[in-house]
Amino acid sequence: MTPNPSAEKIRPNQSSSKLAAVGQDWLILTGLWLTATLVDALWLGLDQSPPYWDQGDHLTRALNYWQHLQAPQLTDSGWWHALWRLSPSYRAPLVYLLTVPLFELLGRGFDQAVLVNSFLTAPLLLLVYGLARHLFDRTTGLWAAAVCTLVPILFFQRIDYLLDYGLVVCVLAGFTCLTLWRSAGSWSRWLWALGFGISCGLTVLAKPTGILFFLIPMVWVAVVSLRRSPWLHLLQWAVAAAVALLICWPWVQTNWLTILTSSGSSNSSWIADELDLESPWSVWTYYARMLPRMVTPPLVWGGLAGWIIGLIAWKGGLVKPVAARLSSRAAGVQWLWLLAFVLGTYGLLSLLQNKDPRHILPYVPVVVVLLVRGLTVWSGRVWRWLRLALVAVMAVLMAASLFPVVAQPPLKLAKYPYRGEPWPQPSVVETVLAAAPYLRSTIGVLPNLAQMNPMNVDFYGALKNFQVFGREVGFSPDYAPLDARSLTWVLAKNGEQGPPNGGNAKAELQAQVEQSPDYQVEQTWNLPDGSQLALYHRQPQPVEAMPSGQLEQRVSLSVVTPPSASVGTVPVTYQVLGPWQALADGLLILSWQADGAGNAGWIHDHGIGLGNLYAGQIAPDPTTGFTVTERLAMEVPQGTPPGTYRLVAEYLNRTTGEAYPLQTGDVRLRIEPGSAPESGLEPDLVSQLHQLSQGLANGTLDPIFNTVSRINQYDPLQDYLKQAEQAMTYRSQQAPERLEWLYTRLMAQVLRQDPRAAIATLNQVTTVAPSNPYHWLYLGFVQLYRWHPGEANQALAEAEKLAPDMPELKALQAVAAAQQLNVWRAWKQVQASGLL
């Protein structure tokens with residue numbers, strides 16, 4: 001057959017024109033991205049406001065990832081476990097991990113972190129363009145990408161540091177992969193299924209609730225897969241699921257319980273002002289009413305009007321559609337696919353009680369495509385001018401919403417750069433560092449304003465080598481006196497306080513601090529809102545660390561106690577001398593033993609300086625001598641027999657394991673009823689944990705977790721748990737049968753979410769006391785937490801032999817059955833537990 005010369009000439013021209021169009025599209029998309037990035041950078045350069053609540057929390061978590069990744073240990077499973085534990089709730093790690101390179105390249109700060117959104121904007125524009133071009137045409141793809149840079153809900157996210165913008169990209173990537181899978185060839189479908197698996201795994205790592213956006217599309221694809229080549233498609237989706245699990249499972253397995261509990265609590269924590277939960281109409285129309293605010297009224301009404309007017313004009317023969325087969329079955333299926341995603345997402349998200357426009361954000365790019373298509377589907381010069389007018393209006397609205405170019409912003413949402421007097425969080429942190437340069441310090445923060453709150457104080461402290469922490473206190477009036485006796489630093493202000501978390505508890509705590517002779521004002525600041533901020537410091541400090549001016553070879557200890565005391569809290573002062581590194585890594589193993597035979601007495605183990613020795617940027621020589629003074633409250637347990645008790649002290653190095661006895665002289669304390677007043681301080685955290693942990697013997701867990709939730713605020717690193725675990729491990733090596741020490745070690749391991757270590761301790765506990773059903777119950781629970789249902793069933797079977805009627809037993813057996821995918825047995829156990 002003779003080749004057709006004309007065909008040979010046409011094909012290269014067509015190919016070159018397509019390549020030229022692709023190149024032109026890339027230039028347009030790059031221009032859109034650069035423009036959006038420059039606008040964002042300009043806004044960030046002008047804005048001087050501190051991060052608000054969530055932003056401060058997210059920034060601190062990103063800094064934690066940056067710090068952890070400074071010394072990677074890729075072959076150490078413990079290092080990986082600690083990495084995933086840095087984000088133990090539904091606030092997943094993907095955006096934090098993406099921020100780390102920016103911290104490394106640009107330095108650490110609020111603006112540097114926000115720039116991660118600029119890098120996410122690039123794939124967002126590509127995905128919107130690719131999705132719209134595949135479903136419709138090139139024109140729709142370019143206009144939809146342009147409009148996405150001008151949509152308020154998206155450009156406000158670009159200048160903020162939250163997790164939602166990253167979630168938008170991940171969800172859109174997954175939806176695009178599913179869309180392309182539907183029309184791809186046999187072999188190409190493998191690639192798009194794999195792409196969806198990757199996107200799905202990243203979605204979980206961005207925000208686990210993002211999986212909700214895939215439910216309707218996945219049901220659709222499942223039906224298609226069952227109708228055509230079911231076994232081949234089943235294998236494709238099995239591979240996709242395996243890839244998704246490979247990406248997200250290490251984090252999910254480490255934190256699955258806290259992910260579930262925190263996601264559940266977040267669903268009922270906040271109710272929007274525009275929402276009336278008593279009105280079904282209000283509930284089901286909330287996101288529809290918010291849509292004009294989210295994407296601008298001109299886009300909503302312009303897109304809808306474009307469809308309505310265009311269809312009327314088309315039927316009247318006045319306009320022609322760009323697509324030749326607008327009413328074809330294939331076009332109808334494409335529309336149904338998009339509408340199923342949008343309406344299905346709308347319905348699922350409307351079921352949740354906690355509603356916020358950010359929660360439904362990932363469906364916005366698809367809504368934009370649908371609305372823009374209403375203006376690009378029709379041919380003609382008028383429609384081109386309408387598109388240009390829409391973009392021009394949206395650009396003006398964006399400028400007026402981001403910058404004070406007009407007297408009154410035209411949209412209800414507006415976010416102008418703050419150009420007023422700076423807020424003093426950096427100065428607060430510097431004041432604490434000047435007063436305690438060799439200690440980690442925790443500030444109890446009472447104000448809860450957007451500009452001054454515990455989260456952003458914590459962020460500015462983290463910027464100073466994680467030496468100062470901010471924590472919210474005053475959650476309950478019952479906690480106010482406990483907080484006042486436990487804190488060293490308190491930050492308070494007059495005037496507006498912010499949301500009243502805990503009712504009047506913060507006001508009660510502030511009054512106690514202001515009236516207490518134990519607190520003195522370290523410094524005050526005048527705030528931009530006209531109020532005054534005051535930083536209170538306990539005097540004398542419970543822990544002080546100062547250079548001794550001489551070299552020290554080993555640690556030495558001196559102790560001062562009252563001559564006599566009664567049970568309860570007893571004031572005691574320890575003065576520890578030694579080289580800096582030995583003190584920073586040291587534990588005091590302190591045993592108060594009754595004179596004569598028997599085990600009567602108590603222990604007062606704790607880290608030297610309560611584990612808070614930290615030099616930050618000062619970095620003293622490890623051999624430099626320091627004096628650490630600890631003014632503590634020692635807990636003498638109830639039931640301690642009257643008599644004289646002497647101190648036996650040991651030093652234990654937490655890093656090397658080195659241990660040696662400490663010479664303290666003949667230190668004795670006489671216990672007798674009502675002999676001396678109690679200390680004005682609360683006992684140290686290791687002592688409190690030790691006393692609480694004894695409730696494990698009879699299943700008394702509520703006091704443990706209620707107290708731990710409070711005292712964790714005083715030690716943001718929860719280092720007291722490590723201290724307790726190491727001290728009790730050392731003691732158990734010498735006396736493995738002492739259950740009270742094993743209980744404390746177990747509790748510390750459980751609270752640190754270290755299931756492997758907890759299982760080892762529980763195996764030791766069940767060996768020492770096999771007849772206690774709670775011991776086997778705890779072992780079953782920890783095995784379930786580690787996702788080992790078979791081992792859990794073995795432990796629960798032992799508990800059932802000893803106490804078959806415990807309701808907790810049936811509940812755990814139901815979880816074990818569910819993990820083994822035995823739905824019927826799980827249901828029967830849930831019914832037997834009485835939970836329903």
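The values are calculated or read from the model by the stated rules, or taken from the named source; none is laboratory data. A quick note: this is a predicted structure, and the numbers were derived from the prediction, not measured. Reconstructed Cβ throughout: ideal geometry from the backbone, glycine too, with neighbour counts over all protein chains shown. Just the protein is used for accessible areas: all its heavy atoms, side chains included, with ligands, DNA and RNA removed. Shrake-Rupley method; radii C 1.70, N 1.55, O 1.52, S 1.80 Å.
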For this session: List every residue pair whose Cβ atoms lie under 9 Å apart, where the two residues are 6 or more positions apart in sequence or sit on different chains, the first residue falls within the stretch 558-573 and is on the phi > 0 side of the Ramachandran plot, and the second residue, located anywhere, is at pLDDT below 90.
Result: Gly568/Gln638; Gly568/Glu678; Gly568/Ser679
Exercise. Restricting attention to the stretch 126-156, and to residues there that are buried (at least 24 other Cβ atoms within 10 Å of the Cβ) and touching an Asp or Glu at 6+ places or on another chain (Cβ under 8 Å), which single residue is farthest from Asp57 (Cα to Cα)?
Worked result: Gly141
Problem set entry | Elements of type helices (runs of 4 or more DSSP H) in the stretch 736-799, at least 3 residues being in contact with a Ser or Thr (Cβ under 7 Å, 6 or more places away or on another chain), closer than 22 Å to Ser77 by Cβ and not small (Gly, Ala, Ser) | 739-751
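Which of the residues spanning the stretch 29-73 are among the small types (Gly, Ala, Ser) and either in a helix (DSSP H, G or I) or farther than 28 Å from Val428 by Cα (or both)? Walk me through it before giving the result.
Of all residues in the stretch 29-73, those among the small types (Gly, Ala, Ser) come to 31, 36, 41, 45, 49, 56, 62, 71.
Answer for the stretch 29-73, where residues must be among the small types (Gly, Ala, Ser) and either in a helix (DSSP H, G or I) or farther than 28 Å from Val428 by Cα (or both): Gly31, Ala36, Ala41, Gly45, Gly56, Ala62, Ala71.
Check whether at least one residue in the stretch 719-728 is at pLDDT below 95 and open to solvent by 40 Å² or more (accessible area, probe 1.4 Å), and report yes or no.
No: the stretch 719-728 contains no residue that is at pLDDT below 95 and open to solvent by 40 Å² or more (accessible area, probe 1.4 Å).
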For this session: Taking the options Val560, Val570, name whichever one is of a type in the set (Val, Ile, Thr) and open to solvent by 20 Å² or more (accessible area, probe 1.4 Å).
Result: Val560
Exercise. When both residues are 6+ apart or on different chains and their Cβ atoms are under 6 Å apart, which pairs have a first residue that lies in the stretch 47-65 and is closer than 21 Å to Asp529 by Cα, and a second that is surrounded by fewer than 21 Cβ atoms within 10 Å (Cβ to Cβ) and among the aliphatic types (A, V, I, L, M)?
Worked result: Tyr52/Ala450
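For the stretch 465-477, which residues satisfy the criterion of being under 11 Å from Arg710 (Cα atoms) and either among the β-branched types (Val, Ile, Thr) or more than 26 Å from the chain's Cα centre (by Cα) (or both)? It would help to see each step written out before you state the result.
Of the stretch 465-477, the ones under 11 Å from Arg710 (Cα atoms) are 471-476.
Once the filter is applied, which keeps residues that are under 11 Å from Arg710 (Cα atoms) and either among the β-branched types (Val, Ile, Thr) or more than 26 Å from the chain's Cα centre (by Cα) (or both), the stretch 465-477 yields only Val473.
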Exercise. Of all residues in the stretch 275-295, which are open to solvent by less than 30 Å² (accessible area, probe 1.4 Å), outside any loop (DSSP other than H, G, I, E, B) and in contact (Cβ under 8 Å) with a residue 24 or more places away in the chain?
Worked result: Val283, Tyr286, Tyr287, Met290, Met294, Val295
For this session: Could you please let me know if Glu682 is at pLDDT 95 or above and within 30 Å of the chain's Cα centre (by Cα)?
Result: no
Exercise. Residue check: is Thr75 crowded, with 19+ Cβ neighbours inside 10 Å and out of contact with any Leu (no Cβ under 7 Å at 6 or more places or on another chain)?
Worked result: no
Exercise. For the stretch 756-769, which residues satisfy the criterion of being in contact (Cβ under 8 Å) with a residue 12 or more places away in the chain, more than 20 Å from Trp251 (Cβ to Cβ) and open to solvent by 30 Å² or more (accessible area, probe 1.4 Å)?
Worked result: Asn763, Gln764, Val768
For this session: Select from the stretch 507-537 the residues that are touching a helix residue (DSSP H, G or I) at 6+ places or on another chain (Cβ under 8 Å) and of a type in the set (D, E, K, R) and list them in ascending order.
Result: Glu508, Glu522
Problem set entry | Filter pass, Leu388 being within 30 Å of Leu349 (Cα to Cα), exposed (fewer than 15 other Cβ atoms within 10 Å of the Cβ) and not aromatic (Phe, Trp, Tyr) | no
Exercise. For the stretch 182-197, how many residues meet the condition of being surrounded by fewer than 24 Cβ atoms within 10 Å (Cβ to Cβ), touching a residue at least 12 places away in the same chain (Cβ under 8 Å) and closer than 20 Å to Tyr129 by Cα?
Worked result: 4
For this session: Among the residues of the stretch 744-753, count how many are buried (at least 22 other Cβ atoms within 10 Å of the Cβ) and out of contact with any His (no Cβ under 7 Å at 6 or more places or on another chain).
Result: 6
Problem set entry | Of all residues making up the stretch 397-425, the number that are surrounded by 15 or more Cβ atoms within 10 Å (Cβ to Cβ) and not in a loop (DSSP other than H, G, I, E, B) | 6
